[in-house]
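Notes to accompany the following structure.
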Amino acid sequence: MESKSPATANHPRELTLRALLVDDEMGAINALRNMLHEYCPQVQIGGIAASVQEAISAAAAVQPDIVFLDIQMPPLGSGFDFLQQFPDPTFGVIFTTAYPKYAIQAINTIQPWAYLVKPFSVSELKKAVAVAVDKVYERNKRENRAKSLIIQDSRKGTVVIRLDHIIYCKAAGSFTEIQVFRAGKVETITTSRNLGEYDNELADTQFCRTHHSYLVNLNYVRRFERTGRNGIVHLNPPGYFARVSVAKMDEFLVALEKFTQLAG
């Protein structure tokens, strides 16, 4: 088994997926492994399994992002038997089977990321992996929203704040003022770290740099208003806002659209 590395990245193209290959035919496993190695280098093979029981044990050990799963594995079960052991799986599934007739059952069982019928082509495999990369990337972004930020407040010392409680961060010289909304109240936390440090730390979360002085939590955006070439983001609770510079305008609008689609 290869060493484990997390599926995290700032961009989908940088993402590495940890995979488990499940098939009762070693020839099929080797063929898939070779195709992945040559054409899908973003897939890291963490383990293989030739039976349902082996697959269950391997999934627990490997903690894969994705499982390439055969369906018929006689005489000791099927890919569906494997999935029954994971009612709320943390991994996605790409079926690799010689039987197209199971497609409807596969969709009804788990909503697979792809259904590849053997012998499948390199282009089909690459398309399936591209879907998996997008799915894992978006999952990671959703999970990042629940994380917390450790802040050294100039008055209160070390403070731990959930990202979901931060409305926006504003540059104040070499300091940063963080507006936090919790228990129905807004409070300001001042930290000696500059805004650029928080921008780097909060990359690939729900935060977007809208201006050289503002880093905004997109969860709190109420509406956007253009003011000539620049703009203003009206935030919740009412009365709070952040500026949008012309230099950050396109980046902000794209980020807001993507976030809105994901949240919806």
TODO: Taking only region 162-197 into account, find how many residues are among the polar types (S, T, N, Q) and within 21 Å of Phe252 (Cα to Cα).
DONE: 3
Task: Residue selected from region 191-236 under the condition exposed (fewer than 13 other Cβ atoms within 10 Å of the Cβ) and over 27 Å from the mean Cα position of the chain (by Cα), by the criterion nearest to Gly173 (Cα to Cα) - done: Ser192
- [ ] Show the residue pairs that are 6+ apart or on different chains and have beta-carbon atoms under 7 Å apart, the first residue being within region 155-169 and within 15 Å of Arg193 (Cβ to Cβ), the second being among the acidic types (Asp, Glu) and in a strand (DSSP E or B).
- [x] Val159/Asp153
Task: Hits in region 151-165 - residues which are touching a strand residue (DSSP E or B) at 6+ places or on another chain (Cβ under 8 Å) and surrounded by fewer than 10 Cβ atoms within 10 Å (Cβ to Cβ) - done: Arg155, Thr158, Val160
Open item on the list: Looking at Ala242 and the list (1) in contact (Cβ under 8 Å) with a residue 60 or more places away in the chain; (2) of a type in the set (Gly, Ala, Ser); (3) under 21 Å from Tyr137 (Cα atoms), which single condition is not satisfied?
Closed with: (3)
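Is it true that Lys170 is at pLDDT 95 or above, in the same structural domain as Tyr220 (by TED's automatic domain parsing) and either crowded, with 17+ Cβ neighbours inside 10 Å or part of a helix (DSSP H, G or I) (or both)? Working first, answer last.
Values: at pLDDT 95 or above: yes; in the same structural domain as Tyr220 (by TED's automatic domain parsing): yes; either crowded, with 17+ Cβ neighbours inside 10 Å or part of a helix (DSSP H, G or I) (or both): yes.
For Lys170, the condition - at pLDDT 95 or above, in the same structural domain as Tyr220 (by TED's automatic domain parsing) and either crowded, with 17+ Cβ neighbours inside 10 Å or part of a helix (DSSP H, G or I) (or both) - is met.
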- [ ] Exactly one condition in (1) within 19 Å of the chain's Cα centre (by Cα); (2) closer than 21 Å to Gly27 by Cβ; (3) not in a helix (DSSP H, G or I) is not met by Ala128; state its number.
- [x] (3)
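Residue-by-condition table, conditions (1) more than 26 Å from Thr90 (Cα to Cα); (2) modelled with pLDDT of 95 or more; (3) outside the structural domain of Ala183 (by TED's automatic domain parsing):
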site	(1), (2), (3)
Ala114	no, yes, yes
Phe120	no, yes, yes
Lys135	no, no, yes
Ser154	yes, no, no
Arg162	no, no, no
Open item on the list: Can you tell me which of (1) surrounded by fewer than 19 Cβ atoms within 10 Å (Cβ to Cβ); (2) out of contact with any strand residue (DSSP E or B) (no Cβ under 7 Å at 6 or more places or on another chain); (3) not charged (D, E, K, R) is the one Val131 doesn't meet?
Closed with: (2)
TODO: Output the number of residues of region 55-66 satisfying the condition of being in contact (Cβ under 8 Å) with a residue 12 or more places away in the chain and over 17 Å from the mean Cα position of the chain (by Cα).
DONE: 6
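The values are calculated or read from the model by the stated rules, or taken from the named source; none is laboratory data. Bear in mind that the values here come from a model prediction, so they are computed numbers and not experimental data. Note: ideal-geometry Cβ built from the backbone for every residue, glycine included; neighbour counts use all protein chains shown.
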